[in-house]
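Chemist: This is the structure, below, for whatever I ask next.
The values are calculated or read from the model by the stated rules, or taken from the named source; none is laboratory data. Fair warning: this is a prediction, and the values are worked out from it, not measured in the lab. Here the Cβ positions follow ideal geometry from the backbone for every residue, glycine too, while neighbour counts run over all protein chains shown. Heads up: the accessible areas ignore ligands, DNA and RNA and are worked out on the full protein's heavy atoms, side chains in. Shrake-Rupley method; radii C 1.70, N 1.55, O 1.52, S 1.80 Å.
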Amino acid sequence: SGLPESIVAAACARVGQSVLHLDSRNYYGGNWASFSFSGLLSWIKENQQKTDTSDECEDWRKLILDNEEVISLSKKDKTIQNVEDFCFGDQDSAKDVEEAGALSKLPVFGAAEAEGVAEESEKDCPPTESADTESREPEKAADTEPASAAEGKDEEITPENEGSQSTALGDSTLDLGKAEDASSEISAPEPKRITYSQIVREGRRFNIDLVSKLLYSRGLLIDLLIKSNVSRYAEFKNATRILAFRDGKVEQVPCSRADVFNSRQLTMVEKRMLMKFLTFCLEYEQHPDEYQDYESSTFAQFLRTRKLTPSLQHFILHSIAMVSETDCSTLEGLQATKKFLQCLGRYGNTPFLFPLYGQGEIPQCFCRMCAVFGGIYCLRHPVQCLVVDKGSGRCKAIVDHFGQRISAKYFIVEDSYLSDSVCTNVHYRQISRAVLITDRSVLNTDSEQQVSILTVPPMELGKPAVCVIELCSSTMTCMKDTYLVHLTCPSTNTAREDLEPAVQKLFNLNTEKETENEELEKPKVLWAVYFNMRDSSGIDKNSYNSLPSNVYVCSGPDSALGNDCAVKQAETIFREMFPTEEFCPPSPNPEDIIYDEDGVAPEEAGLSNSPETKPDTSVEEGSSEGSAALKKEDNED
């Protein structure tokens, strides 16, 4: 139930298809999931042990007919490797501490202990949303499955309010807060001492993403959320500042016109140079003569020809375009810079949004839309194999771990479910990830509630740059007086080898009382985890051995900052299955549905239903949660 699969499921259910969505895990999101602190510890233990799942039904092969063959699926998740976690405090002090409000016995993923959890728990139900944010905050992340974000107030996006600081994403209010003036540094206040036992006790305040991403305000995912009305299920916070790491110091990067002219870091000449170059990037296609001679050069080499100072080149390369110094061409750099600039001002002073309660909310939002239109969800439900007809070569059914045979017309499979025999010709990349809990921000300002993005340039030749996203407690991802820091880069070694040099540059890892003054000025790391995650994006379907034509493969998360890859992949799969249907058409607002004595009046609700599929379940009048279980519809709009 990762992001691409969830989008496809929602799109199919929306146009009247019957959808069964299975996940062998006991939480939504797959490698896109978010966890409470205790949930993440269980996830770490699960991936360090890597135990095989035994067959619950040994005689399932008797369900296979003579004219059929099977494609066995993997029983072991191999997408996570090299998991290492570290506590930089007194771990023994938390030995008998329990997470506030937690279950008396936390489930262990894939283990027998999980069976003791009540079957009617929220994990096993189709996702529903809470109606109230304030009442929901202390209840967040009771299990390893992240709960959904509360719904905001309805407001329409119009050209008049699009650039405001408190605006709407479709029908969901964006909690962007006030624009923070973070340009002036202040002396670091004495941080409160946070112990490991406090982190464990307040573990439900944490929502820790396995994959670290931001949403471009004019990116494909934001457009899809608005178009489909899925935005009603989530809330977002504006990323408040873009940072740069240069000469051993963290600095704020001026992005917008106002930031540039208010900046004290740049001279007046540099301000003019920067504005002139950014204006050129916005309309570079109209001036091909200015970059055509450098199309075979890297973007970094092109910047040197523009008479920009070294500091401006650094800001543009690493903090605005956010591209590689050695591998990015001039055209790719100009495109990245233009995309960044076009996203400025839509919802705030930076191009990025972050979903409250973590990135794991987004797949759940699409799962919720699928459930609203009749999709069925089953967690903790592994699949043994795909059943293929020898004559036609098409997949006919699956056999699950209970020995049930389930027939379908199309099958969407996440890459990690495919066995080694299917993936012999597939060459995967890897992503290096680290998650830190720290006691203060990497750049202290007059506001503690900052969402920051920072790019650390490569430490050595041939090494990738490291993307750092720092989240404050108002994002509902960490407890008060702490920060949650995500580090990501393409892998060259293990995650710890790739990312620890950047961690040492930015943070204090010393647990001893006597530390140098330079280390005392850095934020202290309280807890950290490193792991490598498989990047299966960009793999052609023909690379997989002998997959039937009606089986489609979705990739896991990629290393890019945005979510465009997942959205493009989902739309491509949907259009191959249903070329004449609209991809994720808007779902009706509950208040727009008109009821008669027999239920919904389809003509007045903008829906057309055949007699066989007409909904016989009505929605509560005035409901704003959008969680009514409508039967499937034949949409002819």
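Chemist: Could you give the semi-axes, largest first, of the ellipsoid that matches segment 265-339, computed as the square roots of 5 times the alpha carbon gyration tensor eigenvalues and rounded to whole Å? Intermediate results must be reported in sequence, preceding the final value.
Modeler: Numbers: eigenvalues 66, 40, 24 Å².
Square roots of five times the eigenvalues give 18, 14, 11 Å.
Chemist: Here's a follow-up. If amide H atoms are built 1.01 Å from N in the plane of the peptide, which residues on other chains or at least 5 residues away come under 5 Å of the amide H of Val553?
Modeler: The answer is Val413.
Chemist: Over segment 1-54, with the other protein chains present, what is the accessible area per residue in square angstrom, probe 1.4 angstrom? Present the calculation step by step, with values, prior to reporting the outcome.
Modeler: Working: 1450 Å² over 54 residues.
So segment 1-54 comes to 27 Å² accessible per residue, rounded to a whole number.
Chemist: Let me ask something else about it. With every protein chain in place, what's the accessible area of Tyr377 (1.4 Å probe, Å², nearest 10)?
Modeler: Looks like 10 Å² after rounding.
Chemist: To continue, here is another question. Glu591 versus Ser296, label points 7 Å from Cα toward the beta carbon: distance in nm?
Modeler: Taking the simple label geometry, Glu591 and Ser296 are separated by 6.1 nm.
Chemist: Starting at the first residue of segment 16-27, write each ³J(HN,Hα) from the Karplus equation 6.51 cos²θ - 1.76 cosθ + 1.60 with θ = phi - 60°, in whole Hz, x for Gly and Pro.
Modeler: x, 7, 7, 10, 10, 10, 10, 9, 6, 7, 9, 8
Chemist: Just the Kirkwood number for segment 396-527, please: inverse of mean 1/r across all distinct Cα pairs, in Å, one decimal.
Modeler: For segment 396-527, the Kirkwood estimate is 18.1 Å.
Chemist: Would you mind getting the accessible area per residue of segment 316-412, heavy atoms of the protein chains only, 1.4 Å probe, in Å²?
Modeler: That works out to 30 Å² per residue.
Chemist: Rounded to the nearest 10 Å², what accessible area does His287 have for a 1.4 Å probe in the complete protein model?
Modeler: Per-residue accessible area (His287): approximately 60 Å².
Chemist: In whole Hz and in residue order, list the ³J(HN,Hα) couplings for segment 282-287 that follow from phi through the Karplus curve 6.51 cos²θ - 1.76 cosθ + 1.60, θ = phi - 60°; x for Gly and Pro.
Modeler: So the J values, rounded to whole Hz, are 5, 10, 5, 5, 7, 10.
Chemist: Roll a 1.4 Å probe over the protein chains and send me the accessible area per residue for segment 245-314 in Å².
Modeler: On the way: 4170 Å² over 70 residues.
On a per-residue basis, 60 Å².
Chemist: Label-point separation (nm) for Lys541 and Ile406, each offset 7 Å from Cα along Cα-to-Cβ?
Modeler: Simple spin-label model gives 2.1 nm for this pair.
Chemist: Taking H as built 1.01 Å from N, whose amide H comes closer than 5 Å to the amide H of Gln384, not counting residues under 5 places away?
Modeler: Val399, Asp400, His401
Chemist: Express in % the proportion of alpha carbon pairs of segment 326-404 at distances exceeding 14 Å.
Modeler: 80
Chemist: Output wanted: per-residue J couplings in Hz (rounded whole) for segment 32-39, from phi through Karplus 6.51 cos²θ - 1.76 cosθ + 1.60, θ = phi - 60°, x for Gly and Pro.
Modeler: Result, rounded to whole Hz: 9, 6, 10, 10, 5, 5, 5, x.
Chemist: To the nearest 20 debye, what is the magnitude of the charge dipole of segment 358-466 about its Cα centre, counting +1 on the Cβ of each Lys and Arg and -1 on the Cβ of each Asp and Glu?
Modeler: 620
Chemist: While we're here: What's the magnitude of the charge dipole for segment 258-377 around its Cα centre, counting Lys and Arg as +1 and Asp and Glu as -1 at the beta-carbon? Answer in Debye, nearest 20.
Modeler: 500
Chemist: As an exercise, identify the trypsin sites (Lys or Arg not before Pro) in segment 411-515 lying in DSSP coil whose Cβ has no more than 13 other Cβ atoms within 10 Å.
Modeler: Those satisfying the criteria are Lys480, Lys513.
Chemist: Roughly how many percent of the accessible protein surface of segment 193-346 is carbon and sulfur, given a 1.4 Å probe and a whole-percent answer?
Modeler: Roughly 46 percent of what the probe reaches on segment 193-346 is carbon or sulfur.
Chemist: Using modelled backbone amide H atoms (1.01 Å from N, in-plane), which distant-in-sequence or interchain residues come within less than 5 Å of Phe206's amide H?
Modeler: Result for Phe206 returns Phe37.
Chemist: Which entries in Lys213/Lys463; Lys227/Lys276; Lys45/Lys396; Lys75/Lys396 show an alpha-carbon gap greater than 27 Å?
Modeler: Lys227/Lys276; Lys45/Lys396
Chemist: Taking segment 355-398, how much of its Cα-Cα pair set, in percent, is spaced more than 18 angstrom apart?
Modeler: Above the 18 Å cut-off, segment 355-398 has 56 percent of its Cα pairs.
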